[in-house]
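I'd like to ask some things about the structure below.
The values are calculated or read from the model by the stated rules, or taken from the named source; none is laboratory data. Remember, it's a predicted structure, so these values are computed and weren't measured experimentally. Neighbour counts run over all protein chains shown; Cβ positions are idealised from the backbone, glycine included.
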Amino acid sequence: MTTSKQLLSTLRAFHLENPDATWGELRDHLRSIAEDALATPTDWELLDTQGLVYSDIREELHMIACTASLTPPQAKAVELGRKIMGAAERRLQGHPKGLADIIDEIDQDKAFDREASVSPSLSVGAPQAAMSALVGEATPLSWEDLADSYMAEHSVNVKVSTVGALRTAHTVIGRAFEAVGVSDLSKHKREDLIAVRTNLLESREASTVNTLLAALTTVLKWAEANDLIKKAYTAKLKLTKNTTSKREGFTETQVAKAMSHANGLPATSWQRWGLSLLAITGARVGEIAQLTKEDIKQIDGYWCIDINENGPGKSLKNRYSNRLVPLVDGAFGFDLTAFLGAVQAGALPSDNGINAMNASRGLGALLKEALGEDREKNQTLHSLRHSMASRLQSKGTPLPFTQAILGHASGSISYDAYGSSVPVSKLIAVLRDCLTTTKE
């Protein structure tokens, strides 16, 4: 969650704390920021970390745009600052041209100002003609510009947990447009979108590509509705064959191996408990990442994780995600006593400044390390959740109990509306029957 102190720091960094600053002053400072982002080297091992820094700053600028009192020059500076941070992220992914283009745009803007100031005695018609020429020559509309504008308008209506995923999808789509040579979406055609789809299919499953195409369609439809493009050629763009997800759940042997590896980590390791909770609760990684000490509690005599949105920065996928999941002592070697001690010692991901993205990367790497060659290509960190769902299904678990554990909609209107609370004592019995345990 961005704090007031962080926002003040960002305001100062972008010279936005001074309401008397001119556009020229702000523009020159922004050029320095863009140039620094392009010229400063980054160690290979720190690319992800630096990328998160740029992403956080862009989010802080968004909050400033939403909440701060801004002068017109400051408003322009906020927009340009967000664009620079987005280009800085893409530079770390091997695409520096965006920053170079922004620097060129700033230089052209400065040159235009100089030209206007040098000829004050010219008739009014001359600069108007120059401006008309500029307007007549349409500025290329990049995918990044469209996606950033879309997010600026809609991120306030999108759950925090979804914003990161959307931005990642937009980045992937932007790379595909760049790969097929489409730089101006105002002139795009149907065949350009087909080429993007083909590019995305080169290294992704059809189900994943359809998810990306859905994000692409949403942005282009929004652009069409707001007269930013003439037409969105997205009709029937999504694939219809081989679109079933091929992600596999882990076998009981694989889960046991992963848990054995995790149990060998120090009791103070957030990775140990993060992976353990994913394995024995079937929770989503974002849900585990935002757990706090207060969310580990006893209900009816049973220790549970309380997955909720009660707190700054917390966000759940949907209303069914708010739930209590009991912890089964001994499941795959899970040591409840050691876990409770670790919680008090500050070993939860949130205690260590780990957000959902960092947790996903760190725990994904740990899972790969634990399973080695025993992991199938289509098995990911989320496959632990699939494994729990498969176990519940194989045990013939009633649908309301499965929904209460996994946080899914049950599919029954009457149950979803009136029966979403299942006693913890019932859930612990289901999980004990479902999970391999070594002690009660």
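Go through (1) surrounded by fewer than 16 Cβ atoms within 10 Å (Cβ to Cβ); (2) modelled with pLDDT of 90 or more; (3) under 30 Å from Ile64 (Cα atoms) for Pro140 and report which single condition fails.
Every listed condition holds for Pro140 apart from (2).
Could you tell me which residue of region 408-440 is modelled with the lowest pLDDT, considering only residues that are under 19 Å from Tyr302 (Cβ atoms) and among the β-branched types (Val, Ile, Thr)? Give the steps one after another, and end with the answer.
So the first thing to find is which residues in region 408-440 are under 19 Å from Tyr302 (Cβ atoms), and the list is 420-440.
Next cut, among the β-branched types (Val, Ile, Thr) only: 422, 424, 428, 430, 436-438.
Numbers: Val422: 82, Val424: 92, Ile428: 94, Val430: 93, Thr436: 64, Thr437: 47, Thr438: 41.
So the residue we want is Thr438.
May I ask you to verify whether Leu366 is assigned by TED's automatic domain parsing to the domain that holds Glu287, farther than 26 Å from Val53 by Cβ and out of contact with any Gly (no Cβ under 7 Å at 6 or more places or on another chain)? Spell out the reasoning first.
Working: assigned by TED's automatic domain parsing to the domain that holds Glu287: yes; farther than 26 Å from Val53 by Cβ: no; out of contact with any Gly (no Cβ under 7 Å at 6 or more places or on another chain): yes.
Here the answer is no, as Leu366 does not meet what is asked.
Still on this structure, please answer the following. Of the conditions (1) in the same structural domain as Ser394 (by TED's automatic domain parsing); (2) touching a Ser or Thr at 6+ places or on another chain (Cβ under 8 Å); (3) hydrophobic (A, V, I, L, M, F, W, C); (4) in a helix (DSSP H, G or I), Ile280 satisfies every one except a single condition; which number is it?
Unmet condition: (2).
Can you give me the ranges of the helices (runs of 4 or more DSSP H) entirely in region 283-382 with at least 1 residues that are acidic (Asp, Glu) and within 26 Å of the chain's Cα centre (by Cα)? Outline the logic, then answer.
Details: elements: 285-289, 336-344, 356-371.
Ranges flagged: 285-289, 356-371.
Let me ask something else. Test Ile405 against the stated conditions and say whether it is modelled with pLDDT of 90 or more, more than 19 Å from Gly264 (Cα to Cα) and not in a helix (DSSP H, G or I).
Numbers: modelled with pLDDT of 90 or more: yes; more than 19 Å from Gly264 (Cα to Cα): yes; not in a helix (DSSP H, G or I): no.
When the stated conditions are applied, Ile405 does not pass them.
Conditions (1) surrounded by fewer than 17 Cβ atoms within 10 Å (Cβ to Cβ); (2) in contact with a helix residue (DSSP H, G or I) (Cβ under 9 Å, 6 or more places away or on another chain); (3) without any contact (Cβ under 8 Å) to a residue 40 or more places away in the chain; (4) polar (S, T, N, Q), marked per residue:
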{"site": "Leu193", "(1), (2), (3), (4)": "no, yes, no, no"}
{"site": "Arg197", "(1), (2), (3), (4)": "no, yes, no, no"}
{"site": "Leu200", "(1), (2), (3), (4)": "no, yes, yes, no"}
{"site": "Asn210", "(1), (2), (3), (4)": "no, no, yes, yes"}
{"site": "Ala215", "(1), (2), (3), (4)": "no, yes, no, no"}
{"site": "Asn226", "(1), (2), (3), (4)": "yes, yes, yes, yes"}
{"site": "Lys238", "(1), (2), (3), (4)": "no, yes, yes, no"}
{"site": "Glu248", "(1), (2), (3), (4)": "no, yes, no, no"}
